[in-house]
1. I need a count of the residues in the range 1-28 that are part of a loop (DSSP other than H, G, I, E, B), buried (at least 17 other Cβ atoms within 10 Å of the Cβ) and under 12 Å from the mean Cα position of the chain (by Cα).
2. Of the residues that sit in the range 62-73 and are exposed (fewer than 11 other Cβ atoms within 10 Å of the Cβ) and outside any loop (DSSP other than H, G, I, E, B), which one is farthest from the ligand (Cβ to nearest atom)?
3. Which of the residues that make up the range 34-61 are buried (at least 17 other Cβ atoms within 10 Å of the Cβ), within 8 Å of the ligand (Cβ to nearest atom) and not in a loop (DSSP other than H, G, I, E, B)?
4. Looking at (1) away from the ligand (no atom under 11 Å from the Cβ); (2) touching a strand residue (DSSP E or B) at 6+ places or on another chain (Cβ under 7 Å), which is the only condition residue 10 fails?
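No lab work stands behind these numbers, since they all come straight from the coordinates. This structure is a prediction, so every number in the text was calculated from the model and none was measured. Ideal geometry is used to build each Cβ from the backbone, glycine not excepted, and the neighbour counts take in all protein chains shown.
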Ligand code: F3S
């Protein structure tokens, strides 16, 4: 199963909340800015996180695929 790393750049985040409305599974407000619940997500959770990243007006959310031997099945 592919895995991805999700990050919120809290310097960029303006607290608009789109990520939280579209993907409450993995984003929540912490001190007025978004934070991820899980930094490492699986393929199943990817769509929701991607939607959040695409909706963010300041591109504060990044998603990167994790590539290493352990992920090869
Ligand atoms: Fe912040 Fe973007 Fe979410 S501005 S609250 S990371 S949609």
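1. Here the count works out to 2.
2. Only one residue tops the list, namely 69.
3. Answer for the range 34-61, where residues must be buried (at least 17 other Cβ atoms within 10 Å of the Cβ), within 8 Å of the ligand (Cβ to nearest atom) and not in a loop (DSSP other than H, G, I, E, B): 34, 52, 61.
4. Answer for residue 10: the failing condition is (1).
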